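Notes for the one structure printed next.
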Amino acid sequence: MQTTTRPASLRYQPLFSRVASQRSRRRPLLFLFLLTVVFLVCGHGDSGAEVVTQLPGAEKVVALTFDACETKTPSFLDETIASFLLSENIPFTVFASGKFARRNAEALRSLAASGLVAVENHSLNHRQHMERLGNDAVVHEVIDCERLLSEITGRKPRFFRFPAGNYDHKTLRVVEGLGYQVVHWSFASGDPDKRLGPQRLSQWVLGKVRPGNILIFHINGRGYSTGEALPEIVGQLRARGYRFVRLDAVLVAP
């Protein structure tokens, strides 16, 4: 029986076609893989951008920080809080917005002159979603507040806290590009809640606190039970061996 041998080029054509077909199907997957790698690399290229929520090291220290902001309703410095901390020789940090600073300029100037208090930047108008602003508007919020606080306290702020803690990567990079280190908090105290009495506030904070925590309260009249709760919180933390530190005494400038 006579057999016909097909040319090699024809004999292997189906195999080549299958391989080519498989390769063509793999190309989109390869492209997606490479695109993902590029995205990950580029997305983390600004790895320096970070929000500080914890002090470095394992030492038993905590940083007391207070937001002093104002929006539509006039706000004033809570003298109960300030007087207690100053009388106890406790260093603390106040993040002040521009509106609050204008209304409470003398009080902030006095705090800064005490040597125990650092007044830091909390934006000019306390817009709660700065991530929705354009870059120019973000710069305006930061720099105009900086100028105001510098004029009042005689010291340029080092740290920035976003209103309500809202930000995105772009906004964070803009603020850091202005020379600021962004500092938020380790956990929310919840002190703007009118339903949270001094005992519950103390129990909550003392139950959550850990070495190196950055605590947040309000010193603008909206920390409704903070003035009453602070003596208990401070006393208990001291009894546990904690020390109180100011942010600029612990955090190294970037």
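The values are calculated or read from the model by the stated rules, or taken from the named source; none is laboratory data. Computed from a prediction, not measured in an experiment: that's the story for all the values here. Here Cβ is always computed from backbone atoms with ideal geometry, including for glycine, and neighbour counts include all displayed protein chains.
Table for the structure above
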| quantity | calculated |
| --- | --- |
| Subset of the range 196-240 [under 20 Å from the mean Cα position of the chain (by Cα) and in a helix (DSSP H, G or I)] | V205, K208 |
| Answer residue from the range 121-147, given it is under 14 Å from G179 (Cβ atoms) and either outside the structural domain of G98 (by TED's automatic domain parsing) or surrounded by fewer than 19 Cβ atoms within 10 Å (Cβ to Cβ) (or both) and is farthest from the chain's Cα centre (by Cα) among those | R147 |
| Residues that are free of Cβ contacts under 8 Å to residues at least 60 places away in the same chain and surrounded by 19 or more Cβ atoms within 10 Å (Cβ to Cβ), drawn from the range 207-254 | Y224, S225, A229, I233 |
| Set S110, S150: member being under 12 Å from V94 (Cβ atoms) and surrounded by fewer than 16 Cβ atoms within 10 Å (Cβ to Cβ) | S110 |
| Extreme residue, nearest to the chain's Cα centre (by Cα), among residues of the range 49-69 that are closer than 15 Å to F95 by Cα and assigned to a loop (DSSP other than H, G, I, E, B) | T53 |
